[in-house]
Every structure is written in structure tokens, then in C-alpha cells.
Amino acid sequence: MSALPKPPQIKPATIYRHAFGVYPSLAMLAGMQLDVFTPLKHGPKTAAEVARAIGVDVRKLQPLLYALVNAELLTLDGERFANTPEAQVYLVRGEPTYVGSVHELYADLWHAALQAGQSIRTGTPQVKHDFATMSDDELGTFFRGLHAGALAVGRQLAARFGFDAVSTLLDVGGGSGGLAIAACQSCPNLSATVIELSRIVPFAEEFVRKAGLAERIRVEAANVVEQAPQGRFDVATLRNLLQVLGPDDARQAVRNVGDAVAPGGLLVIIGHVVDDSGVAPAEAVGMNLAFLSIYDEGQAHTEREHRAWLVEAGFAEVEVHYRAAQGGASIVSARKRH
């Protein structure tokens, strides 16, 4: 009779940690989708009270509320749930810092990341983002998901880089126009031009109109990979644009944008950047799993690549700040040489 094999000395602790670690994130997503945080704006409530406020069955909702306590987004005292300070600031609808609408973007990215293996196996992105073929509903969902983050970054950049001291801003690949909207709201003397693909222009124009800034923000159709924007600007921003492109197109986009920045002007790139080790920061490395399934060539490019593109385009004083922007994105800034 053969001896039984000895159990392995190494335990599958890391495997189990990853296997069960996804659930707090999914609880957050469901909480955002159901907007459970807004009814708690004015103080603690029971599960039944929250369920009535959002119109769902308390027996179905209760497991989620406990999961949100475990996810550190709610607290529990007896039978009453309350927002954590962070949830109170960022997940209560109607607050100026509200980012709960980003759940649409998270759902999109996480679904894409789940397809990474098949995208690698086939060599084809399984849930490709093609703005030319996406329906209006799909585009609306996509840009609503990005808008709150764009507003937050616009406010951040305006304060960090002193946009109140300049007069013209170029927002390249501006999506909903949220960055330009928030920058102009923060700086009354600033005017902006948003450059986007023609398919996206009507969406950006609608966000700008609703913000009451149509007289200060112009939205133009252009492909920055194919041609330089018209005019000269004090500041140009590229948020989440270079990561959509392959290296050659990203390089050309930086060159073309550089032609539109005035001498001494500022270029700010906001997006996921991988350090030259390839394994950090974690947000950029993780996002690359989603990008595999979304874009043909897009990815979080390296710091070395960003620096080379900027120098080639006539910029100096290149600075890279990891995890400095909303959602763990990085900020790369540079000055146009005189």
C-alpha cells in the first residue's frame, strides 16, 4: 500500500486572497448603482429605511449593506447604517464632489479585464471601444462615467498649475468636456477649446451647454493624430488620451499638440503611466489588463516613452507625478521651449 502524499508546505493564501478580494469592489459597484449612500446623507438609517428610500426589497438589500460595511464604505451601529466620512463626501448624489456616477466606467473596465485572457489568446480586443460604431446610448454611458472624474481633475489642475494666470486652454480628446468645464468654473477669465472626434462633439457640446459655459468653451472636431490643432494656447491638456493610442500614434499626437502650445506654455498629460520597471504603479499595471480587451494598441505607456515624446516635441522641464490625479492616474507636465 503506497503512502499518502504529504500536504504541501506552501498554502494557497495569495490565491484565496485574490479570489475573495474582488467582493468589496463589487459591493461598492452595486452600492453606487443603487445609490444607497444618498439616503444616508442626513444620518444613520435602518436597512428597512434605506430600502424604502431607494424602492427595493429590504431582504435583498441587507446583504449588500453588510458587504459595504465590510468594504469600509458604511458603518454599523446596532441596526443602523451610516456613511463613512469618505462615502459622505464622494458618494452622496448632489454634492459637488460626487463621483458615484463613475460606476458605469468601472463596470465597463472590469468587464473588459475579465476578457483579458481571451483577448491575448486571439490577439483581438474582445470588447473593443470603437467610438465610430458605438451607439448613442453606449457613448452616453461611457462619457457619463468619465464626467465626474474629468470635473475633479479640472479643478485639481486649475489649482495646481495656476490656470487663473493664463487665458487660453486646449483640452485635447476632452470627452465630455468636464476638465475644461471645471477649469473655467474655477478661473473666470479662462476660455477653452475642446478637441474631439466628430462623433463625440455633440456629447461634449451638451455637457458644456448644461454647464452654462457655451460662450467660453468651444468644441471642435479634429483628429489630433492626423493634424495639429489650430491656434496657440497657454495650456494644453491630454486626459486619458495617450493610453488609447499605440506608441507611434501617441508620439504623433504629442508632436501635433506641441505645435499648438505657445512658447513657454504648459502641456499636462493625465492618465495611467507605467514606471520603467514595468510593475508599478499598481493602478496602471492593472488598467493594462482592461486596455488589452478595449484597444488594438492602446496601453499605459512608460515614463521613458513619455519623456522621449515630449523632448522630441520641443518640451523641457518634464516632471512625472505618479498617482497624483483622480483614480490613481499620473500627471506628466512639461514646458514648451522658447
Output the residue which, of all residues in the range 316-338 that are in contact with a Pro (Cβ under 8 Å, 6 or more places away or on another chain) and touching a residue at least 60 places away in the same chain (Cβ under 8 Å), is surrounded by the fewest Cβ atoms within 10 Å (Cβ to Cβ). His338
Can you tell me which residue in the range 98-141 is nearest to Asp35 (Cα to Cα), limited to those that are in a loop (DSSP other than H, G, I, E, B) and among the aliphatic types (A, V, I, L, M)? Val99
So, in the range 67-90, of the ones that are part of a loop (DSSP other than H, G, I, E, B) and touching a strand residue (DSSP E or B) at 6+ places or on another chain (Cβ under 7 Å), which residue ends up nearest to Thr141 (Cα to Cα)? Thr84
Of those in the range 177-189 that are assigned to a loop (DSSP other than H, G, I, E, B) and over 14 Å from Gly212 (Cα atoms), the residue nearest to the chain's Cα centre (by Cα) is Cys187
Only one of (1) surrounded by fewer than 24 Cβ atoms within 10 Å (Cβ to Cβ); (2) in contact (Cβ under 8 Å) with a residue 24 or more places away in the chain; (3) under 25 Å from Arg323 (Cβ atoms) fails for Leu197. Which number is that? (3)
Only one of Pro229, Pro263 is touching a residue at least 60 places away in the same chain (Cβ under 8 Å) and either buried (at least 23 other Cβ atoms within 10 Å of the Cβ) or closer than 25 Å to Asp164 by Cα (or both), namely Pro263
May I ask you to say which residue of Ala214, Ala183 is in contact with a helix residue (DSSP H, G or I) (Cβ under 7 Å, 6 or more places away or on another chain), loosely packed, with under 15 Cβ neighbours inside 10 Å and assigned by TED's automatic domain parsing to the domain that holds Thr141? Ala214
All positions within the range 272-291 that are under 19 Å from Tyr106 (Cα atoms), in contact with a strand residue (DSSP E or B) (Cβ under 9 Å, 6 or more places away or on another chain) and either surrounded by fewer than 22 Cβ atoms within 10 Å (Cβ to Cβ) or not assigned by TED's automatic domain parsing to the domain that holds Ile120 (or both): Pro281, Glu283, Val285, Asn288
In the range 91-119, residue nearest to the chain's Cα centre (by Cα) [restricted to those that are over 24 Å from Glu138 (Cβ atoms) and among the aliphatic types (A, V, I, L, M)]: Leu91
For the range 125-142, state whether one or more residues are closer than 30 Å to Gly264 by Cα, assigned by TED's automatic domain parsing to the domain that holds Leu289 and among the acidic types (Asp, Glu). no
In the range 76-94, which residues are surrounded by 15 or more Cβ atoms within 10 Å (Cβ to Cβ) and touching a residue at least 12 places away in the same chain (Cβ under 8 Å)? Arg80, Phe81, Ala82, Asn83, Thr84, Ala87, Gln88, Leu91, Val92
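The values are calculated or read from the model by the stated rules, or taken from the named source; none is laboratory data. Given the structure is predicted, the values throughout are model-derived calculations rather than measurements. Note that we place each Cβ from the backbone using ideal geometry, even for glycine, and neighbour counts take in every protein chain shown.
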